[in-house]
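Comments concern the structure below.
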Amino acid sequence: MATRGIQQLQKLYIRYCEHGGSSSTLRTYIQSSPHLIDFATNNPNVKIIVKPRHGHHPYILGEYITGQSKQICVKNVDQKRIKKVMEMLRNTSGRKIVRLGGKAVRGDCVSCQGVWTPMLDLSGETFGMKLFGEEGSS
């Protein structure tokens, strides 16, 4: 994501284990997939750092200009998910999600009517009721 025309992602760390089974998809992604090379050529301002990390599950870490970082575990996922994680880290700003507005509106008492459902729509029913003054009450 670009804020004021500046790409926010600076570095992308790809950490994996050379022997672990949970890193097998990430290893094949790094060795034989053209997506990593395409990502690097399309984003020349992002430094991609690939390092083995023995005995641990794989993850992808993005460092941003703001100093924030996001780490996403890619243990036992397919190559489509790895590509999607890298694009998501590129497209985010690195900022924490802040809830806007104030507190949620809550009532003081619980409703005795319950939740409305479409089966409760009784607008066309008459129920055989008669109102006073309808049939010539004189």
Subject >> Zone residues, the range 51-80, relative to residue 4, backbone N less than 14 Å from point 7 Å out along Cα-to-Cβ >> reply: 65-66
**OP:** Could I have the simple spin-label model distance between residue 68 and residue 88, label points 7 Å from Cα toward Cβ, reported in nm to one decimal?
**Re:** 1.5
Original post:
To the nearest 10 square angstrom, how much accessible area does residue 66 have with a 1.4 angstrom probe?
Top reply: 70
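Just subtract the alpha-carbon distance of residue 80 and residue 37 from 0.36 nm times their residue separation and send over the number in nm, one decimal. The partial results should precede the final answer.
Working: separation 43, 0.36 × 43 = 15.48 nm, distance 1.50 nm.
Full-extension gain reported as 14.0 nm.
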Subject >> Beta bridge orientation in the range 1-62: antiparallel %, DSSP, nearest 5 >> reply: 50
Original post:
Given a Förster distance of 22 angstrom, what is the FRET efficiency for residue 30 paired with residue 96, based on the Cβ-Cβ distance and rounded to 0.05?
Top reply: 0.15
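What is the local net charge at residue 33, summed over the other residues whose Cβ is closer than 12 Å to its Cβ (Lys, Arg +1; Asp, Glu -1)?
Around residue 33, the charge tally is +1.
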**OP:** Net charge near residue 57: determine it from the other residues with C-beta under 12 Å of the C-beta of residue 57, scoring Lys and Arg +1 and Asp and Glu -1.
**Re:** +3
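The values are calculated or read from the model by the stated rules, or taken from the named source; none is laboratory data. Owing to the predicted nature of the structure, the values given are computational and were not obtained by experimental measurement. Every residue, glycine as well, gets a Cβ built from its backbone with ideal geometry; the counts of neighbours run over all protein chains shown. With ligands, DNA and RNA removed, areas are computed over all heavy atoms of the protein, side chains included. Shrake-Rupley method; radii C 1.70, N 1.55, O 1.52, S 1.80 Å.
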